[in-house]
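The values are calculated or read from the model by the stated rules, or taken from the named source; none is laboratory data. Everything quoted here is computed from the prediction, not taken from an experiment. Here the Cβ is made from the backbone with ideal geometry for all residues, glycine too, and neighbour counts use every protein chain on show. The accessibility values were calculated without ligands, DNA or RNA, using every heavy atom of the protein model including side chains. Shrake-Rupley method; radii C 1.70, N 1.55, O 1.52, S 1.80 Å.
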Amino acid sequence: MPVTSLELVAAANKEAKLWESIRAEASAPFDLEQGPLVRARLFGLRPKSMLLMLTTHHIIVDGFSQTSFQRDLWTIYEATSKGEAPALPPLPIQ
């Protein structure tokens, strides 16, 4: 996963640089023939403070899937940050 470090950017410019980087990542085109159709990028803001950006093409994710994925990702993050095993509910359908 690509990592963009903003730790050395002056505090007064950090938010503007972050948004500039987010816009660039979000507007980068997808290659529908070669993929991938999902991209991840990690922005390092300061030590132990990061932002994960996931960019997906609309043909692979709908609103329900996006919500479910975000909920599960947050559950996994919360549990692992506490050193616990994530407890995801069983899927009703595959």
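General observations
- Taking amide hydrogens as placed 1.01 Å from N in the peptide plane, the amide H of Met50 sits under 5 Å from those of Leu45, each at least 5 positions away in sequence or on another chain.
- Of the solvent-accessible surface of the chain, computed with a 1.4 Å probe over protein heavy atoms with every protein chain present, carbon and sulfur atoms account for 61 percent.
- Accessible area (Å², per residue) of the chain, counting only protein heavy atoms and a probe of 1.4 Å: 79
- Counting only DSSP beta bridges with both residues in the chain, the antiparallel share comes to about 75 percent.
- In range of the label at Leu42: residues from the range 78-93 whose backbone nitrogen is under 20 Å from the point 7 Å along Cα→Cβ: 78-86
- Eligible aspartates and glutamates near Lys82 by straight Cα distance, threshold 17 Å, same-chain separation 8 or greater: Asp72
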